[in-house]
Amino acid sequence: MANRRLINIFLPAVLALLALALILFYPDRAKGSEDNRSEQTATYYTNNGHIFGTYYNIRYAASRDYEADILKLLGDFDASLSTFNPESTISLINQNKSCATDKFFEQMFTTAQHISELSDGAFDITVAPLVNAWGFGFEDRQQVDSALIDSLLDIVGYRKVSLSNHRLEKSDPRIKLDASAIAKGYSCDVVADFLADKGISNYLVDIGGEIHCHGVNAEGQPWAIGIDRPDDDLLGKSHRLQAIVRSDNLALATSGNYRQFYYDNGVRRSHTIDPRTGYPVSHRLLSASVIAPTCMQADALATACMVLGETEALRLINSIPQADCMLIVAQDSTEQVIMTEGMKKITSEPAK
């Protein structure tokens, strides 16, 4: 009886100590089980609308709707990197006004310079004067000739700018920056990081076709992302799918020449400008979909691929760990699809 009485007295204390030890020594497991319980009863919210001149479609499993918080965050992001906001950080820098760089600008700039090095200048945020001249930027289109291009190339080049003590230094005050080929992907990462910080592990962030997703959808399946066929479509109404990508952890961006172009005296002018030559590209590559560790990297790499063409693009992506791609190339009257091995593993044809 005495032994049984001792057991009854000390057993609850022993069990409590064991529970405390599990929390102390395995905090991630304890937190994970709590997260799992909350997500099992969470609602899948869908936030959608227009932002940055495009759309956003964000889905996530959470205990409440975070759309107001997300839009506030994206408003701060726009105030840093939008060239269409005259008071943004990047606009003030372009105007040579005294302006300290912020965290969004500095992260964008660091990544952009890295991708510029990897791609030998095929990606370059100082391309703004050329993009503007050809009519695809934030200023009026100019009458382009070889003399103008030669003069603009003098103020284009990623090695002509640098960051120092939260200030951008230019080798020439006429240099202007355009972050449009990297910012949209970066904004997906910003929202994804926000959701993850809230303990949300099931989400998909789609901003203008750039994607950052994690976990599963409302049916408990990995997220399915469609990649459009590159049909000439100035109005953006054609959405025939080329492929479906399925993943529970993915950052993907697509760049193409099939929606932003115009004809100039019968010559098709693409919005993809080669910063090294000053002219729109004219090769066979129609579309590049890139997977990378972050959507910001994927966005910049997809643009670099469109500048390089399929052979050099494939070489670039294969040289980068954790990067994969799908390239769609014009071939006679049809298209050829080229994929890295990693892309093939998660890609299937759309249902007929």
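Please treat every number below as a calculation from the coordinates, not as lab data. Note that the coordinates shown come from a computational prediction; the quantities given were computed from them, not determined experimentally. Note: ideal-geometry Cβ built from the backbone for every residue, glycine included; neighbour counts use all protein chains shown.
Brief remarks follow.
- Three-way shape call for region 44-170 based on the alpha-carbon gyration tensor, with the a/c threshold at 1.5: prolate
- Long-range amide H partners of Gln242 with built H, under 5 Å: Ile227, Asp228, Arg229
- Fewest-first ranking of Cys325, Cys295, using other Cβ atoms within 10 Å as the exposure measure: Cys325, Cys295
- Cα-Cα over 20 Å, subset of Lys103/Lys184; Lys97/Lys176; Lys72/Lys184; Lys97/Lys170; Lys160/Lys184: Lys160/Lys184
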